[in-house]
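Here's the structure, in C-alpha cells; my notes come after.
Nothing in this text is a laboratory measurement; each read-out follows from the coordinates by a stated rule. Quick caveat: nothing in here was measured; it's all calculated off a predicted structure. Cβ: placed from backbone, ideal geometry, glycine included. Neighbour counts: every protein chain shown.
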Amino acid sequence: MKERLDQFRRRAARYLGRDTVRVGGGRGVLSLSFDDFPKSAWELAGPILKDQGVHATYYVAGGLCDGTNIGKVQFSERDLQEAHAAGHEIGCHTFSHISVLRLDKAGLAEELDRNAAWVAERLGGHRMTHFAYPFGDVTVSSKAVTGARFKHARSVRDGVNHGPSDRNNLLAIGMESRRLPHYDLKALMAQTAETGGWLIAYGHDVEPDPTPYGCTEQDLVRVITLARQAGLDILPVGAAGQRMIG
Ligand SMILES: [Zn+2]
C-alpha cells in the first residue's frame, strides 16, 4: 500500500507544482554528475575528467562522508576538497541521503540546512546552488522546498531537457551499468544537439567492476567522446543551468 502511495506521489510530482522554464535553443550541452559520492567517482573518474579537460558536478550528502553506501566506500573530506579545488562543482543531495518521500517540508529544510552547513565548513563557505534528489524521488511538496532554495533540481527520470521544463524536476540519464545498455546514446546526443537541449548524465561509482548504479572508466570516456562527436558543449550542471535557463 505504501509503495503504491509512493508511486502515486512520484507521478504527481511530474504534473503538479511545476515551475516551467524554457530550456535550450542554442548549442546543446552535456552535463556529467556523480551522486553521493563513492570514492572511485573522484579517484578513478577524476583523472579521466582532467585528461578530457571537462568539469563535472558532485552531488554530496555530507552524512555519507567516510562511510559505505551500496557496498562502496564513499568520499572523504579530502576527496571533496580536492574535487572542489580542481574546479568541479559541488551540489546538494541532502545530508542523510534520505528520500524526500520520508520527509515533510520542515524535515527536508532541516536536511538541506545541515548539508549546507557541513559543506560550507569544509569548502571555505561554499554555497550550493543546485540539488539532486536522493534515489530520484521527487514529490510536489519537496519541489516547493528545493525551488525556494536552489536554482534547479535534478531527478533520475530519463530524457533530454528541452523546451518547457520543470526547473525543480530536471530529467537525466544514468551512467549506470543497469541502464546504459538500454540507451541509444548516439540518438540522445543527436537529439540534444538538434534541439539545443540539455542532457544531464548522473552516475555513482566508476570502477572496472561497477555496481548496477555505477559504470566503468570506458563508459565514462565513451559518453564524453560521443558528446564531442555530436558537437555538444560539456559543462557542469550549475554552469550549464546558467546558460540554459538563466
Ligand atoms: Zn544518491
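Here are the numbers:
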| quantity | calculated |
| --- | --- |
| Point-charge dipole on Cβ atoms (K/R +1, D/E -1) for the chain, about Cα centre, debye to 20 | 1000 debye |
| Reach of Lys105 by Cα under 27 Å, taken over lysines that are not fewer than 8 positions away in the same chain | Lys2, Lys143, Lys151 |
| Among Arg102, Arg228, Arg167: highest mean-square fluctuation, GNM of the chain, C-alpha pairs under 10 Å | Arg102 |
| Within a Gaussian network of the chain (alpha carbon springs, distance under 10 Å), most fluctuating of Thr211, Thr20, Thr192 | Thr20 |
| Selection from Tyr59, Cys215, Ser141 lying farthest towards where the dipole of the stretch 31-244 points positive, charges on Cβ | Ser141 |
| Among beta bridges that DSSP assigns inside the chain, antiparallel share in %, nearest 5 | 25 percent |
| Unit charges at the beta carbon, dipole of the chain: most positive-side option, Gly241, Ser177, Asn115 | Gly241 |
| Those lysines that a straight Cα-Cα span of less than 17 Å connects to Lys39, excepting residues fewer than 8 apart in one chain | Lys50, Lys72 |
| Dipole magnitude of the stretch 12-149 about its Cα centre (Cβ charges: Lys, Arg +1; Asp, Glu -1), debye to nearest 20 | 520 debye |
| Estimated inter-spin distance, Thr20 and Arg127, nm [label 7 Å along Cα→Cβ] | 3.0 nm |
| Label-zone membership for the stretch 8-45, site Lys105, 7 angstrom Cα→C-beta point, backbone N under 16 Å | 17-19 |
| Principal axes of the stretch 31-244: Cα extent on each, largest first, Å | 44, 37, 30 |
| Translational D in µm²/s for the stretch 89-128 (Stokes-Einstein at 37 °C, 0.692 mPa s, Kirkwood Rh from C-alpha pairs) | 316 µm²/s |
| Rg(Cα) / (2.2 N^0.38 Å) computed for the stretch 44-84, rounded to two decimals | 1.24 |
| Computed FRET value (nearest 0.05) for His182 with Ala117, which takes r as the C-beta separation and R₀ as 45 Å | 0.70 |
| Glu77-Ala148 pseudo-label distance in nm [points 7 Å out on the Cα-to-Cβ vector] | 3.2 nm |
| Selection from Ala132, Leu32, Thr195 lying farthest towards where the dipole of the stretch 31-244 points positive, charges on Cβ | Thr195 |
